[in-house]
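The values are calculated or read from the model by the stated rules, or taken from the named source; none is laboratory data. Just so we're clear, the structure is a prediction, and the values are computed from it rather than from any experiment. Note: ideal-geometry Cβ built from the backbone for every residue, glycine included; neighbour counts use all protein chains shown. We work out accessible area using only protein heavy atoms, side chains counted, and drop any ligands, DNA or RNA first. Shrake-Rupley method; radii C 1.70, N 1.55, O 1.52, S 1.80 Å.
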Amino acid sequence: MKENNSVSFAAKTGIWFSAAILYVLETSPVLFRLSGNRGTDAFCIAGFVISVIGLLLESTADLQKNRAKKKNPGRFVDTGLFRLVRCPNYFGEMVFWTGVFISGLNEYRTAGMWICAVLGYAGIIYVMFGGARRLEIRQDKNYGSDPEYQKYKKTTPIMIPFVPIYSVKEHKWLVA
């Protein structure tokens, strides 16, 4: 049976290669720390703690979303962490990678190391905001006529708690 797939092999290869490079750049702070042989310092500990907090936020948000969708599959989720921000799982992911970036701050000894670490960090933040944009577009299609959703969307930040950014839908450059 032949699959109807509109993405060419070259495009798939480019996506795979780009994703692989992004992961290498994202993890470069850890690689730099491991190659530095300097041991544990305050940046390492702070980065680890921040990453664990991010992982807990992301996991908790995913668990809360799964439970809410099982209970009411046709409704948007606005309970638990979703009361603070509309994409708490993406926020948790950003917190996780912030911790990874911080963990290497004492290890970035060359311009190349700084470039790798900053590009990796900026790349994942871009990907998370792009994901939030796609989610917002999908949720607007699914719940856009629901007055409760409209109120939720206008009063709950999309990505970062307490930062009054309520929509990224119109930012077409966020196409990750």
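What the table below lists for this structure:
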{"read-out": "Options 107, 58; residue that is assigned to a loop (DSSP other than H, G, I, E, B) and either among the charged types (D, E, K, R) or on the phi > 0 side of the Ramachandran plot (or both)", "value": "107"}
{"read-out": "Among residues of the range 143-154, those that are surrounded by 11 or more Cβ atoms within 10 Å (Cβ to Cβ), charged (D, E, K, R) and assigned to a helix (DSSP H, G or I), counted", "value": "3"}
{"read-out": "Pairs, first small (Gly, Ala, Ser) in the range 150-176, second in a loop (DSSP other than H, G, I, E, B), C-beta under 7 Å, six or more apart", "value": "167/158"}
{"read-out": "Residue match in the range 80-93 (condition: buried (at least 19 other Cβ atoms within 10 Å of the Cβ), under 13 Å from residue 28 (Cβ atoms) and in contact (Cβ under 8 Å) with a residue 24 or more places away in the chain)", "value": "no"}
{"read-out": "Residues of the range 24-40 classified as touching a residue at least 40 places away in the same chain (Cβ under 8 Å), out of contact with any Asp or Glu (no Cβ under 9 Å at 6 or more places or on another chain) and not aliphatic (A, V, I, L, M), total", "value": "3"}
{"read-out": "All positions within the range 123-142 that are touching a residue at least 60 places away in the same chain (Cβ under 8 Å) and surrounded by fewer than 21 Cβ atoms within 10 Å (Cβ to Cβ)", "value": "123, 127, 139, 142"}
{"read-out": "Conditions (1) within 23 Å of residue 16 (Cα to Cα); (2) surrounded by fewer than 21 Cβ atoms within 10 Å (Cβ to Cβ); (3) of a type outside the set (A, V, I, L, M, F, W, C); number of the one not met by residue 120", "value": "(2)"}
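Residue by residue, here is whether (1) outside any helix (DSSP H, G or I); (2) open to solvent by less than 70 Å² (accessible area, probe 1.4 Å); (3) over 30 Å from residue 145 (Cβ atoms) holds:
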{"site": "7", "(1), (2), (3)": "yes, yes, yes"}
{"site": "15", "(1), (2), (3)": "no, no, yes"}
{"site": "19", "(1), (2), (3)": "no, yes, yes"}
{"site": "40", "(1), (2), (3)": "yes, no, yes"}
{"site": "46", "(1), (2), (3)": "no, yes, yes"}
{"site": "52", "(1), (2), (3)": "no, yes, yes"}
{"site": "76", "(1), (2), (3)": "yes, yes, no"}
{"site": "98", "(1), (2), (3)": "no, yes, yes"}
{"site": "101", "(1), (2), (3)": "no, yes, yes"}
